[in-house]
1. Under 29 Å between alpha carbons, and skipping anything fewer than 8 positions from Lys149 in its own chain: which lysines qualify?
2. Separation of segment 22-64 and segment 118-150 by C-alpha centroid, Å?
3. Set the Förster distance to 25 Å, then compute FRET efficiency between Gln77 and Tyr36 from the Cβ-Cβ distance, nearest 0.05.
4. Classify segment 64-113 as rounded, prolate or oblate from the Cα gyration tensor: take a ≥ b ≥ c as the square roots of its eigenvalues, call it rounded if a/c is under 1.5, otherwise prolate when a/b beats b/c and oblate if not.
5. Classify segment 69-152 as rounded, prolate or oblate, taking a ≥ b ≥ c as the square roots of the eigenvalues of its Cα gyration tensor: rounded when a/c is under 1.5, otherwise prolate if a/b is larger than b/c and oblate if not.
6. Return the single residue from Lys137, Lys91, Lys127 with maximal mean-square fluctuation; model: Gaussian network over the chain, springs between Cα atoms under 10 Å.
7. How big is the charge dipole of the chain about its Cα centre, in debye rounded to the nearest 20, if each Lys and Arg gets +1 on its Cβ and each Asp and Glu gets -1 on its Cβ?
8. Please pull out the direction-averaged projected area of the chain, using the convex hull of its alpha-carbon atoms, in nm² to one decimal place.
Amino acid sequence: MPAEKATIKDAGQIHRLVNFFADRSEMLPRSLAEIYENIRDFFVAREDDQVIACAALHVAWSDLAEIKSTAVAEEYQRKGYGARLIEACLKEAKELGIETVFSLTYQPGFFAKMRFQEVDKMTLPRKIWTECYRCPKFPDCDEVALVYKVEV
Ligand SMILES: CC(C)(COP(=O)(O)OP(=O)(O)OC[C@H]1O[C@@H](n2cnc3c(N)ncnc32)[C@H](O)[C@@H]1OP(=O)(O)O)[C@@H](O)C(=O)NCCC(=O)NCCS
């Protein structure tokens, strides 16, 4: 199934999917309120009307957006769903005219496959760190930063 824009009805399933991995400290948790507020950022993939994968493109500045909350249900991993969702986010960034897309992740190998380049976290602008105060790991961040240059 291709990646589609999420609808408000997907929020509950996105919440369960993301927090399944967050409970295992594999990604950051998201509240249902945050998902509702940012529902327009999300793409989903479905099987049998169930959300089995999600990813979000969040605009940070005129030339910068972040890919967040990338999750694929365990039984559907390594089947190309993650790649399709990232491609959908990158296509939207291009349509918006945003030149740089970044990710902070515990899965740098996956993003490297998607042609992202690893960078020093400190090269990313301070503005993006506002969320970090809420992270259970703050200030001992062990996420890896990767960026993708969009041809706009
Ligand atoms: C990381 C994750 C999103 C990957 O999604 P996926 O649907 O399994 O990935 P895909 O099948 O689309 O893989 C695309 C490519 O990346 C590779 N890949 C997938 N996961 C990888 C990983 N963890 N490390 C290195 N490469 C990886 C695949 O082999 C594939 O390469 P290929 O094109 O040469 O065959 C998924 O495993 C997941 O949801 N994990 C748990 C949550 C998580 O860690 N999210 C990351 C946000 S911090």
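What follows is calculated from the coordinates using simple rules that are stated; it is not laboratory data. What you are looking at is a predicted structure, and each value in this text was computed from that prediction instead of being measured. Positions of Cβ are generated from backbone atoms using ideal geometry, with glycine treated the same way; all protein chains shown enter the neighbour counts.
1. Counting by Cα, and skipping residues close in sequence, Lys149 has these lysines nearby: Lys5, Lys68, Lys79, Lys91, Lys94, Lys113, Lys121, Lys127, Lys137.
2. That distance is 17 Å.
3. 0.40
4. prolate
5. Here segment 69-152 falls in the oblate category.
6. Lys127
7. So the magnitude is around 80 debye.
8. 8.5
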